[in-house]
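Working notes, structure below.
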Amino acid sequence: MFCLETYLQESEDYDILISRAGFKDCARVIEENAPEIIYVNAGEKILGARIIGIPPVPIGINEEKSTILFPYTKPCYGTAVVEIPVPQEEIVKIRDLNIKGC
């Protein structure tokens, strides 16, 4: 089972686009930096972590790079936008969570 917290601690294969930010700022960064945006309900699990935010929460998909951008909230550290590589099957699962029907 994939554990996002462990991955972020042990890997260097991710980017943080913004950190210690509010939900609205994180949503704007995702919407400005991802070629494809889907929206999910707060509380959905992405890569084993529950997504926290003001719904609808944007998740960015970059199919070309095989990455996703998402808000990640860690207590005492605030919210960040993380870009992380994922397998194609994970992108399909994330698209299935889309609440806007696009």
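The values are calculated or read from the model by the stated rules, or taken from the named source; none is laboratory data. Predicted model only: the values in this text are computed from it and were never measured. FYI the Cβ positions are ideal-geometry reconstructions off the backbone, even for glycines, and counts take in every protein chain you see.
Could you grab me the full set of residues in segment 75-86 that are of a type outside the set (S, T, N, Q) and over 14 Å from residue 48 (Cβ atoms)?
Hits for segment 75-86 are 75, 76, 77, 78, 80, 81, 83, 85.
Go through segment 48-66 and report how many residues are of a type in the set (Val, Ile, Thr) and buried (at least 20 other Cβ atoms within 10 Å of the Cβ).
Of the residues in that region, 4 qualify.
Scan segment 13-53 for residues that are out of contact with any Lys or Arg (no Cβ under 7 Å at 6 or more places or on another chain) and among the β-branched types (Val, Ile, Thr) and jot them down.
16, 18, 29, 30, 37, 40, 46, 51, 52
Starting from residues that are polar (S, T, N, Q) and under 19 Å from residue 26 (Cβ atoms), keep the ones in segment 77-102 and report whichever is surrounded by the fewest Cβ atoms within 10 Å (Cβ to Cβ).
Among them, the one singled out is 98.
Is at least one residue of segment 60-73 over 24 Å from residue 96 (Cα atoms) and of a type in the set (A, V, I, L, M)?
No: zero hits.
May I ask you to verify whether residue 16 is assigned to a loop (DSSP other than H, G, I, E, B) and loosely packed, with under 15 Cβ neighbours inside 10 Å?
No; evaluated as a whole, the condition is false for this residue.
State which residue pairs qualify: first residue under 16 Å from residue 38 (Cβ atoms) and inside segment 55-75, second residue assigned to a strand (DSSP E or B) and among the polar types (S, T, N, Q) in any location, beta carbons under 7 Å apart, and separation of 6 or more residues or different chains.
Close Cβ pairs (under 7 Å, with a partner that is assigned to a strand (DSSP E or B) and among the polar types (S, T, N, Q)) amount to 71/79.
From (1) within 18 Å of residue 94 (Cα to Cα); (2) out of contact with any strand residue (DSSP E or B) (no Cβ under 8 Å at 6 or more places or on another chain); (3) modelled with pLDDT of 90 or more, pick out the condition that doesn't hold for residue 42.
Going through (1) within 18 Å of residue 94 (Cα to Cα); (2) out of contact with any strand residue (DSSP E or B) (no Cβ under 8 Å at 6 or more places or on another chain); (3) modelled with pLDDT of 90 or more one by one, residue 42 breaks only (2).
In segment 15-29, how many are among the small types (Gly, Ala, Ser) and free of Cβ contacts under 8 Å to residues at least 60 places away in the same chain?
Matching residues across segment 15-29 total 2.
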